[in-house]
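The values are calculated or read from the model by the stated rules, or taken from the named source; none is laboratory data. This is a predicted model, so every value here is computed, not measured. As a convention, Cβ positions derive from the backbone with ideal geometry for all residues, glycine included, and neighbour counts pool all protein chains shown.
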Amino acid sequence: MTAANVGLRVTGLTRSFGSLRVLDGVDLDVPGGITAVLGASGCGKTTLLRLVAGFLEPDAGTIRLGGRVVAGDGRAVPARGRRIGYVPQEGALFPHLDVAGNVAFGLSSGRRSTTGRRRVEEMLELVELPRNVATRQPHELSGGQQQRVALARALAPDPDVVLLDEPFSSLDAGLREETGRSVARALRASETTAVLVTHDQGEALSLADQVAVMAQGRFLQVTTPAELYLHPASPAVASFVGHAALVPAQAVGGTATSALGPVPVRAAREGRVLLAVRPEQVAVTAKDEPGCLTAEVLEVSFFGHDATVRVRVVGSDDLVELTARVPANGVPQPGTQVGVRVVGEVLAFPEDPS
Ligand SMILES: Nc1ncnc2c1ncn2[C@@H]1O[C@H](COP(=O)(O)OP(=O)(O)OP(=O)(O)O)[C@@H](O)[C@H]1O
Ligand SMILES: [Mg+2]
């Protein structure tokens with residue numbers, strides 16, 4: 001079996017710490033490629049990776065790697081027998097070893113002394129680092145280079161699956177994107193199945209083949225990035241992925257009426273619904289422009305390429321707040337009033353999904 005068709009399957013995985021149930025019957029199928037696990041801090045992402053790697057034992061459920069049960073059903077294959085590469089959340093490199101020593105660390109001593117040097121060079125090339133970094137100490141590398149060395153170390157023993165725990169979280173925005181892309185290229189080039197934990201949705205959507213959205217120890221939805229964004233399974237997923245504002249409304253046919261006035265909805269629904277309004281669907285205009293609602297600007301976040309503006313719709317009984325994405329040259333001041341209009345069809349969910 002080649003690395004390309006070794007998958008990971010997790011079924012009913014449950015794990016508590018004391019009275020805190022951190023994973024509550026998690027199911028996940030990773031057939032290959034890159035799967036991103038996306039979730040808020042503390043939702044159980046690292047716990048999941050530690051269970052898969054074999055650093056923790058589950059209370060219930062099974063973990064299969066390449067069809068073989070490695071945990072559960074009375075089996076507990078130790079971490080070193082799982083053919084897994086792990087890039088931990090913190091302190092990835094051994095500070096007392098140079099880059100070559102770090103990358104070669106997981107190789108068997110026989111392999112290290114024979115083909116070790118070549119393997120180190122191959123791995124550095126794979127993660128797009130020049131060969132001459134091999135003799136540097138970790139503290140002589142940039143944050144992005146350190147992350148790539150950590151990945152090279154995880155990939156050197158040719159694992160079937162590599163687990164990456166927020167590998168880019170300590171990097172600044174530009175370096176983060178560049179490192180993310182080069183790590184994804186290295187994973188694809190080596191045909192390694194990967195699970196990438198992140199709480200950055202841009203990272204998850206742009207790098208992964210599949211995104212698993214986690215909340216309170218369960219997966220809310222596991223699907224492709226496009227499907228996740230275009231067809232979120234629930235209001236919770238829509239508000240987390242894409243920062244949608246949830247607005248209660250009454251739907252008749254293809255129109256929902258709410259504090260935002262009548263808006264067209266994407267799928268015809270009847271009765272009480274929750275609208276999920278994304279920032280790119282909210283246009284900010286001058287106050288009193290015909291067809292617009294009046295809103296007060298609460299907060300502005302300027303990003304350079306654009307900005308987000310949080311507003312409260314004036315006159316709405318239920319204090320509806322929306323976030324709008326606006327161009328950098330059209331950013332209103334907090335405390336002022338503007339016009340807002342919802343553009344295009346809005347996602348609508350039944351208010352009571354049961
Ligand atoms: N060894 C442990 N003993 C007790 N509680 C733990 C242990 N490991 C994790 N927890 C708790 O389990 C919950 C989930 O932790 P976990 O590290 O899996 O979260 P996470 O999703 O990785 O969060 P972050 O994004 O902040 O890294 C947290 O409430 C944490 O305090
Ligand atoms: Mg974590």
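Pick out the one residue from ALA36, ALA60, ALA40 that is surrounded by fewer than 19 Cβ atoms within 10 Å (Cβ to Cβ), within 29 Å of THR224 (Cα to Cα), within 16 Å of ligand 1 (Cβ to nearest atom) and hydrophobic (A, V, I, L, M, F, W, C).
ALA40
Would you call LEU51 farther than 27 Å from GLU191 by Cβ, of a type outside the set (Lys, Arg), surrounded by 14 or more Cβ atoms within 10 Å (Cβ to Cβ) and within 10 Å of ligand 1 (Cβ to nearest atom)?
Against the criterion (farther than 27 Å from GLU191 by Cβ, of a type outside the set (Lys, Arg), surrounded by 14 or more Cβ atoms within 10 Å (Cβ to Cβ) and within 10 Å of ligand 1 (Cβ to nearest atom)), LEU51 does not qualify.
Quick grid of which residues meet (1) among the small types (Gly, Ala, Ser); (2) under 25 Å from the mean Cα position of the chain (by Cα); (3) closer than 19 Å to VAL197 by Cβ:
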site: GLY7; (1), (2), (3): yes, yes, yes
site: GLY12; (1), (2), (3): yes, yes, no
site: PHE17; (1), (2), (3): no, yes, yes
site: LEU56; (1), (2), (3): no, yes, yes
site: ARG75; (1), (2), (3): no, no, no
site: GLY85; (1), (2), (3): yes, yes, yes
site: SER108; (1), (2), (3): yes, no, no
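Taking GLN216 as meeting all but one of (1) at pLDDT below 95; (2) touching a Leu at 6+ places or on another chain (Cβ under 9 Å); (3) within 16 Å of CYS43 (Cα to Cα), write down the number of the exception.
So the condition that GLN216 fails would be (2).
Wholly within the range 193-266, which helices (runs of 4 or more DSSP H) include no fewer than the required count, namely at least 1 residues that are among the small types (Gly, Ala, Ser), under 18 Å from VAL343 (Cβ atoms) and touching a Phe, Trp or Tyr at 6+ places or on another chain (Cβ under 9 Å)?
235-240
Output the residues belonging to the range 131-189 that are in a loop (DSSP other than H, G, I, E, B) and among the hydrophobic types (A, V, I, L, M, F, W, C).
LEU141, ALA156, PHE168, LEU171
When residues of the range 296-329 are filtered for being surrounded by fewer than 12 Cβ atoms within 10 Å (Cβ to Cβ) and closer than 17 Å to ALA286 by Cβ, how many remain?
Within the range 296-329, residues that are surrounded by fewer than 12 Cβ atoms within 10 Å (Cβ to Cβ) and closer than 17 Å to ALA286 by Cβ number 2.
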